[in-house]
1. Which is the longest run of the chain containing none of the GluC sites (Glu not before Pro) found in DSSP loop states (not H, G, I, E, B) with at most 10 other C-beta atoms within 10 Å?
2. Measure out, as a whole number of angstrom, how far apart the alpha-carbon centroids of region 230-263 and region 27-89 sit.
3. How are the C-alpha pair distances of region 109-183 spread across 10 Å bins, as whole percents from the shortest bin up?
4. Sum -39500 (n - 2.57) across every DSSP H segment of at least 4 residues in the chain, then divide by the residue count to get the 222 nm mean residue ellipticity, nearest 500.
5. At a Förster radius of 22 Å, what calculated FRET efficiency corresponds to the Cβ-Cβ distance of GLU11 and ALA210, to the nearest 0.05?
6. Under the 0.36 nm per residue contour assumption, what length would be gained going from the current alpha-carbon distance of LYS246 and ASN160 to full extension?
7. Full extension from THR307 to PHE168: what is 0.36 nm times the residue separation minus their Cα-Cα distance, to one decimal in nm?
8. With +1 on each Lys and Arg Cβ and -1 on each Asp and Glu Cβ, how big is the dipole of region 256-327 about its Cα centre, in debye rounded to the nearest 20?
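Laboratory data are not the source of any read-out in this text; all were calculated from the coordinates shown. If you're wondering where the values come from, they're calculated on a predicted model, not measured in any experiment. Methodologically, a virtual Cβ is constructed for each residue, glycine included, from the backbone with ideal geometry; neighbour enumeration extends over all protein chains shown.
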Amino acid sequence: METRTGQITEEEALHVRSVADRVIANVGKVIVGKHEVAELMLVALLCEGNVLVEDVPGVGKTMLARALARSLGCDFRRIQCTPDLLPSDVTGVEIYNQAGGTFEFRPGPIMTNIVLVDEINRATPRTQSALLEAMQEQQVTVDRQTVNLPRPFMLMATQNPIELEGTFPLPEAQLDRFLLRLEIGYPSETEETAVLSRFREENPLDSLEAVTGAGELLGLQKLCRRVYVDESVRDYMVSTVRATRKHDDVKLGASPRASLGLYRAAQTTAAFQGRTHVLPDDVKRLAVPTLAHRLIAKTEARLRDHTAEKIITDIVNTFPVPVEEAQ
């Protein structure tokens, strides 16, 4: 393919692929058989997006986040959400210094590269709202002082889809700020046997070493944004998102923020494959994790078990794919 002005070169795309392969392989030393989940989390980080992981306890959500952070050479913090968690416990607080006669900012756990917000739906709406500014603008405001978060930054939130007692469902405005919603799922029998063998003597996370650094990740973020998106593929993305707003089973469709998220994620996924351009298959692969959590299906559709995931799948399977134009 001819290189366009400002477009990522084949050499640069192969460099992105090389780094991504090293990171995912390194995470695989700890997490067994979850290659795609690890790849999508790295996609979110390079898109400057956030990830919501909905799954049952014990499948490795925290371990995955820690393994990814260590592989990337990034700082990692964890916030365990409870109903008594305050916004200042997340963002930080200003404390008066009597000796100096000034206020000093004491940063909260949000001031890190990768933060795990465990069981986010157990925090009150007031505390959940404190995360909105961090998730979108990558900054926090404390007592009229705005503090930028470290770069790169990614918020990974978890919630248990089974246990709902004593929880506060995430509002649509907050769900829309998650680039991807993922499920880890139970391992296969072979994978679970490998887990027992791998953790037999010690935790492999303790000896895991970084394979890249924050500085290189910032450079990769810029490279991924230079991946070429053909006009026909871009129109295919827009048509897919707009179709969610017109679907008979949908009460609230995906937002323009979803279109931009799908666009960025497709660029990064293409770079992970060593390509300089986006294919329609990239869009089809990312449609469900990028769009499904942003939809509100009508009650009658949910009663028919026509979930948001099925709606998105129907849409991408129905729309004509611009194969010739993309090539």
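1. Numbers: sites that count: GLU2, GLU165, GLU201, GLU202, GLU209.
Within the chain, the longest run free of exposed GluC sites (Glu not before Pro) spans 3-164.
2. Here the answer is 27 Å between Cα centres.
3. 17, 52, 26, 4
4. Working: 15 runs with 149 residues, N = 327.
It lands at -13500 deg cm²/dmol.
5. E(calc), rounded to 0.05, equals 0.40.
6. 27.9 nm
7. Fully extending the segment from THR307 to PHE168 adds 47.9 nm.
8. Here region 256-327 has a charge dipole of around 320 debye.
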